[in-house]
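The values are calculated or read from the model by the stated rules, or taken from the named source; none is laboratory data. This is a predicted model, so every value here is computed, not measured. Methodologically, a virtual Cβ is constructed for each residue, glycine included, from the backbone with ideal geometry; neighbour enumeration extends over all protein chains shown.
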Amino acid sequence: MVADSGSARAGRSAGRLNAPRPALVETGFDGAPRVVNRELVTLVREEWRVVDRWWTDEPVDRRYFEVVLESGRNVCVYRDREERCWFTQNA
Amino acid sequence: MIACLLIPGFELRAALRACPRLALVPAALAPEAGEEPLLGPVTAAAEAAGVKPGMRLGEALATCPSLVLVERDPAAVEREWEEALRRLEDAGFAVQPVEHGVVVFETRGVERLYGGVQPALERALAAVGSTWDPRIGAAGRRFTALAAASVARSGQILIVAETEEKAFLEPLPLSLLPLTAARYAELEGLGLRRIGELAQLPRGAVAERLGAEGRKAWRLAHGGRKARVRGRKPAVELAEVLAFPDAVANELTLRRALGSLLERLLARPERAGRPFRKLALAARLVDGGSWRRAVTLRDATAEVGRLRAALGPKLAELPAPIIELRLEAVELAEHTGQQLALVEPAGEEADTRLREGLRQVRASTGTGSVCTVVEVAPWSRIPEARALVVPRDV
């Protein structure tokens, strides 16, 4: 069967770049991540908050942390205050 | 309304077309060579004897010693499925195949033609034919339609009104959700058995515990997204077949047969001079089974020598003597030739090669595999809102 060249359009759907992925995070007493995806955090490099779209039905309220893991990897994680769970993201 | 037509155990039914008497005895589709020894779909007689699909081969044979293993027949599955889709298309349905035995379509375009949803779906069942035991589920959302088809009996049409979708999904088993076996076990360990029980949990908690897979399952437990069905564009058959009077296993004879098939395929006027990008070689084995290999070419070509070099080595993978060899053009390139330049502009060659490489990737991995990044709101503070990944033509 020869696929119609126009059928390439059939599978079209745009995806988001840097979509957040759920992460397993253990936190310390101050709410900063201590373990990310079962890997120990050695350093919290930066911390910031993003509050946006508060005027819509899907408000964004996130507390971001840029951390260095035991393996030396740099990872960005955030706590979604609306969904009350953690995600990793290339911020 | 979205309808889902389901034929359970399609691969087994297609394989049994060659030996219909096995449909009445305990029989199961044999495990795939080189894979885990797990059974495929089973016949009703096998199910009555205690054999279940997905059971380990040893356990199944211990449960039912008279169990007959039916060899997989991928060529027959492909052929029979294509015929069923064409019959639906002939009846006016714009079909979107999901997998072998599962197809979805919208009824909106044909409701007036047949006088309502029910008569249109009856026409769809008739088009496929009662020998396949098809059943149809219809609902406002695709997942609910699939769930309805999964619980419908053979020949039944189950229509779920939009207002009743939630109540319909609630008592259904979790096994209807596309989750891995480990996830089912995890959910069962948590005491969840029904779709409604999962739907009642908070979305964030499910996402945290089960990740992206759990989030998708939770969304489906609420009926899933309202996505439209995109009908496929009917394929054009471009294939050549050579049947042998006696079984052939000699490599020299097979290579000569391949050469003859290539010449015949290249001479087909439907090709309109376009080179091949992807070809498939299929064979009917002497013991009744079949074999199929698809080959994506690095550069689209219509040169016999290059096509022979790409396809020839595949003949060595034939598991048994064959009685029929078939060569199919799966995808053709869109151009008919290449314009040569006296002096190539700088970067032109690299650009051409890059495009050709991307076309090859798309041909071998399917549409939507080659994407481009489009910035939509680079100033946004929300990282995932800054850019989209959009499938592109190459």
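Here are the numbers for the structure shown:
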| read-out | value |
| --- | --- |
| Those residues of segment A:16-46 which are closer than 20 Å to A:ARG84 by Cβ, within 14 Å of chain B (Cβ to nearest Cβ) and in a loop (DSSP other than H, G, I, E, B), in sequence order | A:ALA19, A:PRO20, A:ALA23, A:LEU24, A:ASN37 |
| Residues of segment B:80-104 satisfying the condition of being more than 12 Å from the chain's Cα centre (by Cα) and of a type in the set (D, E, K, R) | B:GLU80, B:GLU83, B:ARG86, B:ARG87, B:GLU89, B:ASP90 |
| Subset of segment A:44-65 that is among the hydrophobic types (A, V, I, L, M, F, W, C) and closer than 13 Å to A:THR27 by Cα - its residue that is nearest to the chain's Cα centre (by Cα) | A:PHE65 |
| Residue that is surrounded by the fewest Cβ atoms within 10 Å (Cβ to Cβ), among those in segment A:54-91 that are in a strand (DSSP E or B), of a type in the set (Phe, Trp, Tyr) and within 13 Å of another protein chain (Cβ to nearest Cβ) | A:TYR64 |
| Any chance B:GLU36 is of a type in the set (D, E, K, R), touching a Gly at 6+ places or on another chain (Cβ under 8 Å) and over 14 Å from B:THR131 (Cβ atoms) | no |
| Among residues of segment B:252-299, those that are surrounded by fewer than 20 Cβ atoms within 10 Å (Cβ to Cβ), modelled with pLDDT of 85 or more and among the charged types (D, E, K, R), counted | 8 |
| Hey, A:VAL50 more than 9 Å from every other protein chain (Cβ to nearest Cβ), modelled with pLDDT of 90 or more and surrounded by 14 or more Cβ atoms within 10 Å (Cβ to Cβ) or not | no |
| Count of residues meeting criterion [in contact (Cβ under 8 Å) with a residue 12 or more places away in the chain and either in a loop (DSSP other than H, G, I, E, B) or over 18 Å from B:MET55 (Cα atoms) (or both)] in segment B:8-32 | 17 |
| Any hit, segment B:337-347, residues being within 14 Å of chain A (Cβ to nearest Cβ) and either modelled with pLDDT under 85 or farther than 30 Å from A:PRO20 by Cα (or both) | no |
| Residue under evaluation B:VAL248, criteria (1) away from chain A (no Cβ under 11 Å); (2) surrounded by fewer than 18 Cβ atoms within 10 Å (Cβ to Cβ), criterion not met | (2) |
| Residue check, B:LEU5 modelled with pLDDT of 90 or more, part of a helix (DSSP H, G or I) and in contact with a strand residue (DSSP E or B) (Cβ under 8 Å, 6 or more places away or on another chain) | no |
| When residues of segment B:23-35 are limited to those that are in contact with a helix residue (DSSP H, G or I) (Cβ under 9 Å, 6 or more places away or on another chain) and surrounded by fewer than 18 Cβ atoms within 10 Å (Cβ to Cβ), the one farthest from B:LEU67 (Cα to Cα) | B:PRO31 |
| Members of segment B:58-75 that are in a helix (DSSP H, G or I) and either hydroxyl-bearing (Ser, Thr, Tyr) or modelled with pLDDT of 85 or more (or both) | B:GLY58, B:GLU59, B:ALA60, B:LEU61, B:ALA62, B:THR63 |
| Subset of segment B:48-59 [under 22 Å from B:HIS100 (Cβ atoms) and buried (at least 16 other Cβ atoms within 10 Å of the Cβ)] | B:VAL51, B:PRO53, B:MET55, B:LEU57 |
